[in-house]
Amino acid sequence: MAESARSWHLDDPGAFLGSVAQFARPRGPDLLTRNEPILAWVEQRLAAGVFPYARALMESPAARTTLRDGAGREATGVNFASQDYLSLSRHPAVTEAATRAAHDFGVHSAGSGMLSGNTRMSLRLQEELGDLLQAPEVMLFPTGWAAAFGTIIGLVRPYDHVVMDNLAHASLQQGAASATPQVHRHAHLDVAAAREIVSGIRAEDARCGILVVTEGLFSMDSDVGRILELQEMCRELSATLLVDVAHDLGASGPGGTGEVGAQGALGQVDLVMGAFSKTFASNGGFLALHSPAARVAISGYGGSWTFSNALSPLQTAVVSEALRIVRSDEGEALRVRLLERITRLRALLADGGISCLGQPSAIVPVPLGSEVVARLASALLAERGVLANLAEFPAVASGTARFRMQVMADHSEADIDEAARAVVDAISEANTRLSAAGLLGVA
Ligand SMILES: Cc1ncc(COP(=O)(O)O)c(C=O)c1O
């Protein structure tokens, strides 16, 4: 590509430095204008072509698509930036279910779950999810975020404690912070550390509630929570376990049961919550549980259920149809194909000298290291016709930036081969160019 046609440049080293964390606590009485420094930083990065966030789809989130960034630049290519692990968002049976629901119910839920927003389709979806997860009680929420946040604030009070994995999703962290000042974070996947905190709390207070929070599949590292060990520990110490299965339910595990099924914990976890937005082709979230009392408490005190409109009829019908496919032979075949593509991508990257993080899942985290290299590699990757999300500090630890490549069942082998080549080349070219410009190692 001619240098003049490039969508990025190295003329402004400032665009490769800093993070949103440094603008998080602006001072001054004007809540609006005091945020001008972050605007300037984002614009600086956009001008240099190294701000791969808030991009908009110009077409559907299929295996190939086009994204437009905030400066109006478009990039077309193989799409690893969308969350549609089984490629159900354009499945004919799923779109047909949406059309039928629009015809039968209209397109709006017209109320919260508390105020008649659910439909007979919602009741059926609750039953189907309960059957999959072997839990008698299921609540539906308008988003996965709402499910995480509403569950925690619905159950936990300021005199209670939340003990959570350091890498738990923002929805869980913000729910915990809103519910109680007593939030404890432990080292990632470290059950012994969690146990030490929980037993310390229990030794001092026999009556407080303790919510332990983990995830099925952690989306930044592609590794998995120790569900059974944590549940056992919770039983022993009178704590309650919440597992967020947003990324694994439907996409992995026997019959699509995700990590709960894969770890032999079906029907045994206190609280299983998830999002429909990764595999089930829709916004929305859910909570599956065994306690009717907890369900009623969350419906009263979990604001995101009580005071936010329910899933629309279209969303409910889409999730229901997606769930039917997830549980069918077709779903099994899609998971097999997805895993083949994941394995192929990880193997090709390994051949290119890149050791992906974690274990095989629909999320393939490609380590890039410094934010400087990561930002240029991301621009070079898009230039090569491969679209992937960039995770950098503070979403991940400083100096551990990575591409978060989201694989879909519809990716062809050729897509995977093209992507692996492009990733290896983009990282190599980023290092060469930054080194030539004297920018390697600046931070
Ligand atoms: C682990 C986890 N939980 C919850 C959510 C929130 O889900 P949603 O985006 O569907 O609201 C996400 C979304 O990124 C997530 O990754």
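Observations on the structure shown:
- Of all residues in the stretch 283-297 being within 16 Å of the ligand (Cβ to nearest atom) and buried (at least 24 other Cβ atoms within 10 Å of the Cβ), the one that is nearest to Arg90 (Cα to Cα): Gly284
- Qualifying residue in the stretch 213-221 (condition: over 26 Å from Asp410 (Cα atoms), touching a strand residue (DSSP E or B) at 6+ places or on another chain (Cβ under 9 Å) and away from the ligand (no atom under 16 Å from the Cβ)): no
- Ala293 assigned to a helix (DSSP H, G or I), under 22 Å from Gly154 (Cβ atoms) and among the small types (Gly, Ala, Ser): yes
Conditions tested, residue by residue: (1) over 21 Å from the mean Cα position of the chain (by Cα); (2) aliphatic (A, V, I, L, M).
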{"site": "Leu287", "(1), (2)": "no, yes"}
{"site": "His290", "(1), (2)": "yes, no"}
{"site": "Trp305", "(1), (2)": "no, no"}
{"site": "Asn309", "(1), (2)": "yes, no"}
{"site": "Ala317", "(1), (2)": "yes, yes"}
{"site": "Glu321", "(1), (2)": "yes, no"}
{"site": "Arg327", "(1), (2)": "yes, no"}
{"site": "Leu334", "(1), (2)": "no, yes"}
{"site": "Glu340", "(1), (2)": "yes, no"}
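- The helices (runs of 4 or more DSSP H) located wholly in the stretch 300-358 that include 3 or more residues which are touching a Leu at 6+ places or on another chain (Cβ under 6 Å) occupy 313-326.
- Residue satisfying all of: in the stretch 185-213; in contact with an Asp or Glu (Cβ under 7 Å, 6 or more places away or on another chain) and assigned to a loop (DSSP other than H, G, I, E, B); farthest from Asp244 (Cα to Cα) among these: Cys208
- Filtered residue count, the stretch 380-439, keeping only those that are modelled with pLDDT of 95 or more, under 19 Å from Arg6 (Cβ atoms) and not in a helix (DSSP H, G or I): 6
- Pairing each residue of the stretch 132-152 that is within 12 Å of the ligand (Cβ to nearest atom) with any residue that is assigned to a strand (DSSP E or B) and of a type in the set (Asp, Glu), provided the two are 6+ apart or on different chains, yields C-beta distances under 9 Å for Gly144/Asp244; Ala147/Asp244; Ala148/Asp244.
- Which numbered condition Glu232 misses (of (1) closer than 27 Å to Leu132 by Cβ; (2) within 16 Å of the ligand (Cβ to nearest atom); (3) without any contact (Cβ under 8 Å) to a residue 24 or more places away in the chain): (2)
To keep it simple, each residue is scored yes or no on (1) free of Cβ contacts under 8 Å to residues at least 24 places away in the same chain; (2) over 17 Å from Leu125 (Cα atoms).
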{"position": "Leu249", "(1), (2)": "no, no"}
{"position": "Thr257", "(1), (2)": "no, no"}
{"position": "Gly267", "(1), (2)": "no, yes"}
{"position": "Gly285", "(1), (2)": "no, no"}
{"position": "Leu289", "(1), (2)": "no, no"}
{"position": "Val296", "(1), (2)": "yes, yes"}
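- Residues that are part of a helix (DSSP H, G or I) and within 12 Å of the ligand (Cβ to nearest atom) within the stretch 251-281 comprise Gly258, Glu259, listed in sequence order.
- For Gly399, the criteria (1) buried (at least 24 other Cβ atoms within 10 Å of the Cβ); (2) at positive phi hold in every case but one, which is (1).
The values are calculated or read from the model by the stated rules, or taken from the named source; none is laboratory data. All figures in this text were calculated on a predicted structure; none of them were measured in a lab. Cβ sites come from the backbone with ideal geometry, for glycine too, and all protein chains shown count toward neighbours.
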